[in-house]
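Please treat every number below as a calculation from the coordinates, not as lab data. Quantities reported herein were computed from a predicted structural model and do not represent experimental measurements. Counting neighbours? That spans all protein chains shown, and the Cβs are built from the backbone with ideal geometry, glycine included.
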Amino acid sequence: MGILEHTGWEKLLELMEAEARQKNAPVYEFRKHVSTPFRALVAVLLSSRTRDETTLEAVKRLFRRADTPEAMLALSEQEIAGLIYPVGFYRSKAKRLRELARVLLKEHGGRVPESLEELLRLPGIGRKSANVVLSSAFGKNAIAVDTHVHRLSNRLGLVSTSSPAETEKQLHRLVPEELKSRLNTTFVAFGQTVCKPVKPSCGSCPLAEHCPGAR
Ligand code: SF4
């Protein structure tokens with residue numbers, strides 16, 4: 001159980017949130033711009049293989065022009081690509097965004113579906129992305145496991161896994177239902193500011209005393 005013996009889940013998330021907010025974790029600014037399910041879906045699609053700061057600037061530019069499926073479809077692929085550049089794979093993502101808007105309009109009445117199965121059938125949306133949308137846009141008890149969540153869960157000794165899929169399974173068994181939707185944002189925020197992939201700030205980390213991964 002690692003650090004949980006000393007904190008419990010709620011206290012752990014509170015400590016991480018407080019520290020990450022004090023350090024202005026980029027994810028909090030990011031979430032302000034993804035206030036609707038469609039925005040969340042677009043943002044998560046743009047964020048793959050792209051730095052958080054780059055994605056944030058791209059969504060701000062794009063949402064000024066289009067933040068509904070109708071408006072997205074009214075833009076050409078080249079216009080979208082120009083707005084989201086330089087996110088990784090911006091040309092193929094521009095194509096996907098138009099396709100996504102088309103499918104949402106044709107098959108879902110322009111609304112983002114609320115189930116994992118339906119989200120996974122949308123173009124360009126994988127399991128992690130679908131879970132981000134479910135938890136951040138719909139407040140569902142989903143756990144989106146990205147590199148931050150996978151890394152921190154292992155460093156903190158919450159799980160002992162070698163893949164994000166295993167981490168997701170184990171976390172689902174461990175995390176209380178009512179806290180699941182908070183986990184991704186909190187772990188991402190803490191991973192961006194304190195428990196970074198390279199050179200984590202263990203020396204000033206509020207969890208260091210009980211963290212098995214502290215160096
Ligand atoms: S002590 Fe180090 S490894 Fe543990 S959570 Fe803090 S920064 Fe991460």
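Okay, here's what the table says:
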read-out	value
Scaled radius of gyration (Cα, divided by 2.2 N^0.38 Å) that the chain gives	1.05
Nearby lysines by direct alpha-carbon distance to residue 140 (threshold 20 angstrom, same-chain neighbours under 8 apart not counted)	32, 128, 169, 180
Given charges at beta-carbon only (K, R positive; D, E negative), |dipole| of the range 30-138 in Debye	240 debye
Order of 158, 116 under a 10 Å beta carbon neighbour criterion, fewest first	116, 158
Distance between the range 138-164 and the range 79-135 - C-alpha centres, whole angstrom	23 Å
CD proxy at 222 nm, helix term only [per DSSP H run n ≥ 4: -39500 (n - 2.57); per residue of the chain; nearest 500]	-19000 deg cm²/dmol
Two-site label geometry, residue 68 and residue 89: point separation in nm, points 7 Å out along Cα→Cβ	2.9 nm
Length added when fully stretched, residue 4-residue 102, from 0.36 nm per residue minus Cα-Cα	30.8 nm
Burial ordering of 72, 16, fewest other beta-carbon atoms within 10 Å first	72, 16
Residues 202, 211, 195, sorted so that the one with the fewest Cβ neighbours within 10 Å comes first	202, 211, 195
